[in-house]
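Have a look at the structure below before the remarks.
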Ligand SMILES: N[C@@H](CCC(=O)N[C@@H](CS)C(=O)NCC(=O)O)C(=O)O
C-alpha cells in the first residue's frame, strides 16, 4: 500500500494529485505543520529534513516531490505518466523533472524575496530565462512534452498554478491556458475535492 504523509496546504498536494492521476490505491497520513508534527522524532526518522511530502511504499521511503513523482511514474508504467527509458522523449521528460527543483523553485524564491542572485553564481540562472524557457515549451503545448501528458506536467503545472496564485509568476497567457488545461483533468478535480473535504472536516 502506498502511504502519503500529507497536508492539503503544502507541496504534498503535488504528490496527492499525482496519486489521483495514477489511479492506484493509497492512504493518507495527515501531518499538522502548524503543530510541528514534521519535526517530531518519529517523523525525522523518515525524513531528516522535517518536511513533507514523504511517500512510503512498504519498506521504501521517498522524499522530495520530483523524486516521488519520478518513482511513482516509473513504478506504475501502465498509467503512461513517464516515457520509457529508451523513448526519444525520455531526456526531455527528465530535464523537466529536474528543472522544477533545480531552476524553477529557486528562481521563484528569488522573485518572491525580490532578491537578485548573480546568475553566474546561481545554478538556476536568471528568473527571466526560467520564465522564457517555460513559455517556449508551453506556447506550442499543450503539455511540456507536446501532445503527451506526463508526470512533468503534474509537477511543473502544479508549481506554475501555485506561483500564479501568489502573483510570483506573471499572468502570461500560455501559463494561464496551461493551468486551465491541468485543472480540467478529472484527476485534478478529484484531488482538489478530496483535499477540500479534508480541510472542511
Ligand atoms: N524540496 C522539498 C520541499 C518540501 C517542503 O519545503 N515542504 C514544506 C511544505 S510546502 C514543509 O514541509 N515545511 C515544513 C517545515 O519546513 O517545517 C520538495 O520538493 O518536496
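We did not get these values from a lab; they are worked out from the coordinates using the rules stated. Predicted model, so just to flag it, every value in this text is computed and none were measured. Note: ideal-geometry Cβ built from the backbone for every residue, glycine included; neighbour counts use all protein chains shown.
With bins 5 Å wide beginning at 0, the percent of Cα pairs of the stretch 90-185 falling in each bin runs 3, 13, 26, 27, 18, 9, 3, 1.
Placing R0 at 22 angstrom, the Cβ-Cβ distance between residue 193 and residue 78 gives a FRET efficiency of 0.40 after rounding to 0.05.
Legend: ranking of residues 93, 162 from fewest to most surrounding C-beta atoms inside 10 Å; resulting order 162, 93.
Comparing Cα centroids, the stretch 1-56 and the stretch 66-86 end up 19 angstrom apart. Counting beta carbons within 10 Å around each of 60, 13, 133 and listing the fewest first gives the order 60, 133, 13.
Taking only the C-alpha atoms, wrap a convex hull around the stretch 1-142 and report its volume per residue in Å³ as a whole number. Please report the intermediate quantities before stating the final value.
Values: hull volume 21.0 nm³, N = 142.
Per-residue hull volume (Cα only) is 148 Å³.
Go ahead and collect, in residue order, the members of the stretch 81-118 whose backbone nitrogen is under 16 Å from a label point 7 Å along the Cα-Cβ direction of residue 57. Residues 81-85 fall inside that zone.
Extension gain for residue 135 to residue 29 (0.36 nm times residue separation, less C-alpha to C-alpha distance): 34.5 nm.
Using just the helices of the chain, give the 222 nm mean residue ellipticity in deg cm²/dmol: DSSP H runs with n ≥ 4 each add -39,500 (n - 2.57), and the total is spread over all residues, rounded to 500. List each step's numbers first, then the result.
On the way: 9 runs with 99 residues, N = 201.
Only helices count here, giving -15000 deg cm²/dmol.
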